[in-house]
Amino acid sequence: MKLPVDIQQARRTGNVVSDLAAIVLSIVAIIGLWDGRPWTTFVCALVLIVALVSRGWARIALSEVIYTPIPSARRLVQGDRFQLSMQVENRKPLPLPWLQLREIIPAGLSLSDAREGETLRTFNGGIEVAETVGLGGYERANLTIELIATRRGHYTFGPTHLRSGDIFGFYRTNRSLRRHETDLVVFPELMELPILRFPAQRPIGDSAIRHPFIEDITRPSSVREFRSGDGARKVDWKTSAKRGELFVRTYDASVSHCVVMIVDCATHADAYWRIDTGILESTITAAATIATRCYKQKFHLGFVCNGTPMSGSTPPVMAPASHKGRLLEIMNCLAAAGAIRTRSVENLIARHGAKALPDGATILYIGGTLQDGTLDFLKQRRARGHPVQVLYTGRKDPPSLPRIDVVDLRPYCRELDPSVDDEADVA
């Protein structure tokens, strides 16, 4: 698949024969021809011809040259190795005696082996890889390197710099290619959580569910007379019109548990611009592990995350569902999540309403900073009948909450080094 690129203007360097020198050589050749000195005319004409051919060759050297980076896999897990094929194609009859390709490997991906003399560290922590190849007319070359996905995230390769020139090496042409689409997604790795190996009938561990059966609106059953407290959305207007009194629709109970994961990417309660990468990565890793297990248990899984970039393609709120793509959607969101939160999780849920948190859903809060507003929100939801469990990934001791199960995940988070102070890992 060829990715859209923004091609910058090519620049020519290495000007061996300038325009002024060409004019002088032309005058000398004419004088030599008029003065009867053919060798002077021949040498000047030869230099002019070589210069013109070289300049024309270099001018069109990078035209019809197509470059495409092709990773061996588009979706990976943190720690995986993969091959990056740098495919360059010359779609014109004019050969390229040499073509230098410089590709920027973004920070978070690393080379599997040391390449002395071929790599250069960039200002943002990435790596610049240089390769040189010769291409004939209508020829294609594949240059392959092995990389390691060392950090989760959405990655785009580039910018890519191409350099070529004429066969004599007098002139050189440069071109930069920039891409704007995601080439690679690295999912967070999973952690070992033996205490959360819950059976299907207890999706929050040792706490029993008060509402094991939830009405499934996709499974209509029958109608009954309207009762006080029934919502207007359940009214069957067609039946009510026929019988002259209000009737509501009823639905079969669903045996599939509904679990809503709330992933709080805040790492400091007092300053949102301060980032503790240990807490953040522990939260994301724990969320990925829980999402995978809920999916395997065939739960209806909902998702709320306040660390998703507003400009990204991953939604911050997903309604509970159990289709095959739900886990992939959640993993995409977790791969891109950062500590700069868009808003608090309770505000996100309030904005999306019942779509984000339907009645009877089990709430799994995952985070390392329980702010006052979030605590009040969890207590209110617990009072309304939602089973609530807190999976704590912070550095300080977890809070004690009445009637809410709090599980301390710090012993299972390798990102939380006990010897590291709370302020030491702040970026």
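The values are calculated or read from the model by the stated rules, or taken from the named source; none is laboratory data. In this text the structure is predicted, and so the values were computed from the model without any measurement. Because the Cβ atoms are built from the backbone with ideal geometry, glycine has one as well, and the counts that use them run over all protein chains shown. Side chains included, ligands, DNA and RNA excluded: accessible areas come from the protein's heavy atoms. Shrake-Rupley method; radii C 1.70, N 1.55, O 1.52, S 1.80 Å.
Given (1) within 25 Å of residue 397 (Cβ to Cβ); (2) open to solvent by 20 Å² or more (accessible area, probe 1.4 Å), identify the lone condition not met by residue 307. Residue 307 satisfies every listed condition except (2).
If only residues of the stretch 127-170 that are closer than 28 Å to residue 280 by Cβ and among the β-branched types (Val, Ile, Thr) are counted, the one that is least open to solvent (accessible area, probe 1.4 Å) is 127. Residue count for the stretch 66-115 under the criterion of being within 14 Å of residue 156 (Cα to Cα), in contact with a Lys or Arg (Cβ under 6 Å, 6 or more places away or on another chain) and not in a strand (DSSP E or B): the result is 1. Looking only at the stretch 290-315, residues that are touching a residue at least 24 places away in the same chain (Cβ under 8 Å) and of a type in the set (D, E, K, R) come to 2 in all. If you go through the stretch 166-191 and keep only what is assigned to a loop (DSSP other than H, G, I, E, B) and modelled with pLDDT under 85, you end up with 166, 167, 168, 169, 170, 171, 180, 181, 182, 183. Is there a residue being touching a helix residue (DSSP H, G or I) at 6+ places or on another chain (Cβ under 6 Å) and touching a residue at least 40 places away in the same chain (Cβ under 8 Å) anywhere in the stretch 316-324? No, the stretch 316-324 contains no residue that is touching a helix residue (DSSP H, G or I) at 6+ places or on another chain (Cβ under 6 Å) and touching a residue at least 40 places away in the same chain (Cβ under 8 Å).
For the stretch 272-285, the count of residues that are modelled with pLDDT under 80, assigned to a strand (DSSP E or B) and of a type outside the set (A, V, I, L, M, F, W, C) is zero.
Pairs linking a residue in the stretch 356-384 that is modelled with pLDDT under 90 and of a type in the set (A, V, I, L, M, F, W, C) to a residue that is surrounded by fewer than 16 Cβ atoms within 10 Å (Cβ to Cβ) and not in a helix (DSSP H, G or I), with Cβ atoms under 6 Å and 6 or more positions apart or on different chains, are 370/399. What is the one condition in (1) modelled with pLDDT of 90 or more; (2) open to solvent by 70 Å² or more (accessible area, probe 1.4 Å) that residue 121 does not satisfy? That leaves (1) as the condition not met. There is at least one residue in the stretch 342-356 that is under 18 Å from the mean Cα position of the chain (by Cα) and either surrounded by fewer than 19 Cβ atoms within 10 Å (Cβ to Cβ) or not polar (S, T, N, Q) (or both). Checking the stated criteria, residue 57 turns out to be crowded, with 17+ Cβ neighbours inside 10 Å and not in a strand (DSSP E or B).
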